[in-house]
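These notes are about the structure you will find just below.
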Amino acid sequence: MKIHRHIAKRLAALMLAAVVVCTSAPAALAADTIGGADTAQIPVSQEVDQENCISWLLDLLGLGSKDKITVDYLNVKGQGLRRNVRLNLVDCLVGITYTELGSIGSYAEISDSAAAEAWKAQAVAIHSYLEYQNKYGSSANALTYTPVDQIPSATRKKMENAIQEVANLLLVYNNGAGYSVCDAVFSCSAGYNTDTGVYGTCSALDAWGTDVPYLQSVESPYEEKYHNILRRVIGKDYRMVEYNDSRHPDEPYVSADTSHKSLGGFVQYNTLVVNGRSYRYLNQFVSSRFCFDFTADADGTPVMAYYGYGHGVGMSQCGAVGFAQEKGYSYRKILSTYYTGASLMDSTDGSISGGGWNLFDWLFGWMF
């Protein structure tokens, strides 16, 4: 009986601590971005949902529902950036996947089976990314959730049928002392290497200066084709052209050094030299990292052409759809293609596909 009272007291203390946290949590944390680019602080709603906060505590104690997920920071369509958002896991993954890929199942060029595999791959990457960001991320890395009641019913049903099969899966990697969840970054479309004629992603080392074993450069051949097919989701052309130096708009391009290229044609930002000047960032880019080259237009005028959209690291969304449609890749094959050496872990029992592993190693391996 004394032991039971002791446990009850500990639980009561933890619940009281949760109330304190819920009522005193700061409105925002320092903003940062995946690539290290400077970003203004993102405003966060000052209202902290107390029910979500208690749910978070229950999750921490292992008493929460496995069918739910609490996300530290999440952009909710129509509501802005929210904290401690508590959602049904499948709904969460469906809503974010819809934001990222849209109704690809309605495209004439994409079969129902290919759409399902692409949705599954995207959902697993999103789940892994959310878990990683809950541990190490910030408000600036929040994804956007479209409430499922705003998704057309036919599309929602198809997405739910696909994603519920993989909702509990996470991408993990062996860090030498156990397994850790992957920072499963993804971008719209990868780059193009004009020297070699290869489409491909960029490694984390080339993009951000940090070698991540599962974020390496890989070939991704369907970038431009499927970027153009999905353009109404992306809202950007795959190929874009600039005629003038971004920092000196009256000065046309004369010369440039693009010799430091990754597999997909990405040039390291600190090795780019234009007209004899070194550039760290270019004003017209939405990221500190882009795939670009210097060439001439049909009239012979020097131009800068850049390819793809996004940082180009990890899974390419257009490439994933292309692999599913053109080669019949399953979501597992898509994920293993883009996340080098990563494994799939079932979060309900800690099992890993193709290997003996346990939940204890994943949770506490970093301590030893």
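The values are calculated or read from the model by the stated rules, or taken from the named source; none is laboratory data. Since the model is a prediction, treat every value here as computed from it, not as a measurement. So basically every Cβ, Gly included, is an ideal-geometry build from the backbone, and we count neighbours across all protein chains shown.
Within the bounds of segment 158-181, is there any residue that is over 21 Å from the mean Cα position of the chain (by Cα), within 30 Å of Glu224 (Cβ to Cβ) and not β-branched (Val, Ile, Thr)? Scanning segment 158-181, I find at least one residue that is over 21 Å from the mean Cα position of the chain (by Cα), within 30 Å of Glu224 (Cβ to Cβ) and not β-branched (Val, Ile, Thr), so the answer is yes. Take Ala207 and decide whether it is assigned to a loop (DSSP other than H, G, I, E, B), over 28 Å from Val76 (Cβ atoms) and either among the aliphatic types (A, V, I, L, M) or in contact with a Cys (Cβ under 7 Å, 6 or more places away or on another chain) (or both). Criteria not met by Ala207. Scanning segment 139-195 for residues that are in contact with a Lys or Arg (Cβ under 6 Å, 6 or more places away or on another chain) and aromatic (Phe, Trp, Tyr) yields no hits at all.
Would you confirm whether or not segment 169-180 contains a residue that is of a type outside the set (Lys, Arg), surrounded by 21 or more Cβ atoms within 10 Å (Cβ to Cβ), touching a residue at least 24 places away in the same chain (Cβ under 8 Å) and part of a loop (DSSP other than H, G, I, E, B)? The answer is no; no qualifying residue exists. Note on segment 301-328: residues that are surrounded by fewer than 21 Cβ atoms within 10 Å (Cβ to Cβ) and modelled with pLDDT of 95 or more amount to 3.
Please work out if Ser139 is farther than 17 Å from Phe186 by Cβ and in contact with a Phe, Trp or Tyr (Cβ under 6 Å, 6 or more places away or on another chain).
Numbers: farther than 17 Å from Phe186 by Cβ: yes; in contact with a Phe, Trp or Tyr (Cβ under 6 Å, 6 or more places away or on another chain): yes.
When the stated conditions are applied, Ser139 passes them.
To keep it simple, each residue is scored yes or no on (1) touching a residue at least 60 places away in the same chain (Cβ under 8 Å); (2) more than 25 Å from Ala342 (Cα to Cα).
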{"position": "Gln79", "(1), (2)": "no, yes"}
{"position": "Val90", "(1), (2)": "yes, no"}
{"position": "Ile104", "(1), (2)": "yes, yes"}
{"position": "Glu109", "(1), (2)": "yes, yes"}
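Considering segment 202-216, the residues that are at pLDDT 95 or above and touching a strand residue (DSSP E or B) at 6+ places or on another chain (Cβ under 7 Å) include one that is farthest from Ala114 (Cα to Cα), namely Pro213. Restrict the check to segment 134-148 and report whether at least one residue is at pLDDT 95 or above and in a strand (DSSP E or B). Yes, segment 134-148 contains a residue that is at pLDDT 95 or above and in a strand (DSSP E or B).
Of the residues making up segment 252-271, those that are in contact with a strand residue (DSSP E or B) (Cβ under 7 Å, 6 or more places away or on another chain) and either part of a loop (DSSP other than H, G, I, E, B) or modelled with pLDDT of 80 or more (or both) are Pro252, Tyr253, Val254, Thr258, His260, Lys261, Ser262, Leu263, Gly264, Gly265, Phe266.
Would you pick out the residues in segment 242-268 that are touching a residue at least 60 places away in the same chain (Cβ under 8 Å), exposed (fewer than 13 other Cβ atoms within 10 Å of the Cβ) and of a type in the set (A, V, I, L, M, F, W, C)?
Result: no residue meets the conditions.
Any idea which of Gln133, Gln79 is surrounded by fewer than 20 Cβ atoms within 10 Å (Cβ to Cβ) and either of a type in the set (Val, Ile, Thr) or not assigned by TED's automatic domain parsing to the domain that holds Lys236 (or both)? Let's see the steps before the verdict.
Working: Gln133 fails: surrounded by fewer than 20 Cβ atoms within 10 Å (Cβ to Cβ).
After ruling out the rest, the residue left standing is Gln79.
When Tyr199, Tyr214 are checked against the criterion of being part of a loop (DSSP other than H, G, I, E, B) and either touching a His at 6+ places or on another chain (Cβ under 6 Å) or in contact (Cβ under 8 Å) with a residue 12 or more places away in the chain (or both), Tyr214 stands alone in meeting it.
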